[in-house]
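The values are calculated or read from the model by the stated rules, or taken from the named source; none is laboratory data. Quick caveat, the model's predicted, so the values are computed rather than measured. FYI the Cβ positions are ideal-geometry reconstructions off the backbone, even for glycines, and counts take in every protein chain you see.
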Amino acid sequence: MSISDRIRGLDVRVLSNDWYVLRKNVFEYRRNNGEWQKQSRESYDRGNGATILLYDLARGTVILTRQFRFPAFASGWDDLMTETPAGLLDDAAPEVRIVAETEEETGYVIGDVRKVFEAFMSPGAVTEKIHFFVAAYTPADRRDAGGGLADEGEDIDVLELPFAEAYAMIGKGEIVDAKTIMLLQHAALTIFSGV
């Protein structure tokens, strides 16, 4: 049975369409016991995105970014957010968009990206699905300072860190961004596992 067979009477109302779209969804859901239950859920639609971990296996380093994230600040995080480069797809293929986003944010020009998985980051409230990539880099791949696009409100610092230091930042509570934690854990299991 398709999950769509368990939804009926869907009524969608847009609550906000400013930065992204917030919708109120009222519907009936058929429970496991066959009963129909009326439910109301708000969903935040910001589009799908992509993120990447750049790594230099020979030098044992990774590239991360640091930037201000208002929702994290509003939730009590009083620091810049350390994370992997990322951005919305903006109707481009994930593989294409992540190459452009990497150059915008970090100044590194990369070509050979490898998709490792995709995931919904907060499926109870946000429609966004993230495509996760990794790519090797060398110091010669850096063409400019990066920093993001000022007209998009970006003011990004670029960090090159030893992988072991970046990975340890998770346990110290210095990296709290889910996509970054996921990619660093993936790298620990697959890229840097024998180092």
Kindly indicate the residue of the stretch 138-160 that is among the acidic types (Asp, Glu) and in contact with a strand residue (DSSP E or B) (Cβ under 8 Å, 6 or more places away or on another chain) and also nearest to Leu57 (Cα to Cα) among those meeting that condition. Glu160
Is it fair to say Leu89 is surrounded by fewer than 20 Cβ atoms within 10 Å (Cβ to Cβ) and in contact with a His (Cβ under 9 Å, 6 or more places away or on another chain)? yes
Among the residues of the stretch 138-160, the number that are touching a residue at least 24 places away in the same chain (Cβ under 8 Å) and either closer than 13 Å to Glu105 by Cβ or charged (D, E, K, R) (or both) is 16
Going by the conditions given, is Ile110 surrounded by 16 or more Cβ atoms within 10 Å (Cβ to Cβ), of a type outside the set (Lys, Arg) and in a loop (DSSP other than H, G, I, E, B)? yes
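Could you identify the single residue in Arg23, Arg66 that is free of Cβ contacts under 8 Å to residues at least 24 places away in the same chain, among the basic types (Lys, Arg) and surrounded by 12 or more Cβ atoms within 10 Å (Cβ to Cβ)? Full working, then the answer.
On the way: Arg66 fails: free of Cβ contacts under 8 Å to residues at least 24 places away in the same chain.
Checking each option against the conditions leaves just Arg23.
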Report yes if Val62 is among the hydrophobic types (A, V, I, L, M, F, W, C), closer than 30 Å to Ala168 by Cα, assigned to a helix (DSSP H, G or I) and in the same structural domain as His131 (by TED's automatic domain parsing), otherwise no. no
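Quick grid of which residues meet (1) assigned to a strand (DSSP E or B); (2) under 23 Å from Val21 (Cβ atoms); (3) touching a Gly at 6+ places or on another chain (Cβ under 6 Å); (4) among the basic types (Lys, Arg):
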| site | (1), (2), (3), (4) |
| --- | --- |
| Thr51 | yes, yes, no, no |
| Ala58 | no, no, no, no |
| Arg66 | yes, no, no, yes |
| Pro71 | no, yes, no, no |
Members of the stretch 73-94 that are outside any loop (DSSP other than H, G, I, E, B) and under 14 Å from the mean Cα position of the chain (by Cα): Met81, Thr82, Glu83, Ala86, Gly87, Leu88, Pro94
